[in-house]
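One structure is given here, and the rest of the page talks about it.
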Amino acid sequence: METETERPQDPQNDSQQDSKKPNPSSLAFRIWPPTQRTRDAVIARLIETLTTPSVLSKRYGSMPTDEADSAARFIENEAFSAADAEAAASAEVDGIEVLQVYSKEISKRILDSVKSRASAAGTVSTAALDDSNNGTEAAGEASEDAVSSVEMEA
């Protein structure tokens with residue numbers, strides 16, 4: 001049976017290892033503002049939502065990729081600006097609250113975008129006109145999916 005031999009303790013080596021460990025008090029978890037990588041992932045998710053079959057596309061139609069790309073960038077930029085203004089207006093607002101504003105703004109703007117596009121094209125179904133609340137819920141789910149999937153990546 002083999003036994004492990006103990007290695008002599010080297011105080012200098014131990015201090016080097018300790019300096020490599022992160023100090024818990026120096027770590028900061030920041031939710032707002034999101035990184036550019038996170039914002040790009042939100043845009044990609046919005047493009048996917050606007051171009052692929054979804055609850056929104058069933059009601060309002062899907063967009064071509066180039067149109068969805070510009071709409072997604074506009075939606076994300078406007079939502080970011082609104083949320084950032086909310087954060088700047090009050091120092092007491094925490095990152096989670098600002099992230100909720102960001103998500104709600106995305107929901108509102110994506111729904112406005114698909115509705116205006118559909119009405120301009122005349123493709124809004126009568127069911128969509130009768131039940132616009134479900135469209136709001138679908139847009140909310142789409143933006144929450146986009147933001148939450150991005151949060152997991154960050």
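At-a-glance table
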item	result
When residues of segment 45-57 are limited to those that are open to solvent by 60 Å² or more (accessible area, probe 1.4 Å) and without any contact (Cβ under 8 Å) to a residue 60 or more places away in the chain, the one farthest from the chain's Cα centre (by Cα)	Pro53
Hey, Asn23 open to solvent by 70 Å² or more (accessible area, probe 1.4 Å) and modelled with pLDDT under 95 or not	yes
Any hit, segment 117-131, residues being modelled with pLDDT of 80 or more, exposed (fewer than 14 other Cβ atoms within 10 Å of the Cβ) and among the aliphatic types (A, V, I, L, M)	yes
First in segment 60-71 and of a type outside the set (A, V, I, L, M, F, W, C), second anywhere and part of a loop (DSSP other than H, G, I, E, B) and at pLDDT 95 or above, Cβ under 6 Å, 6 or more apart	none
Single residue of segment 77-91 satisfying the filter (hydrophobic (A, V, I, L, M, F, W, C) and surrounded by 15 or more Cβ atoms within 10 Å (Cβ to Cβ)) that is farthest from the chain's Cα centre (by Cα)	Ala87
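The values are calculated or read from the model by the stated rules, or taken from the named source; none is laboratory data. Because the structure is a prediction, the values reported are computed rather than measured. Quick reminder, even Gly has a Cβ in these numbers, built from the backbone with ideal geometry, and neighbours come from all protein chains shown. Heavy atoms of the whole protein, side chains included, go into the accessibility calculation; ligands, DNA and RNA do not. Shrake-Rupley method; radii C 1.70, N 1.55, O 1.52, S 1.80 Å.
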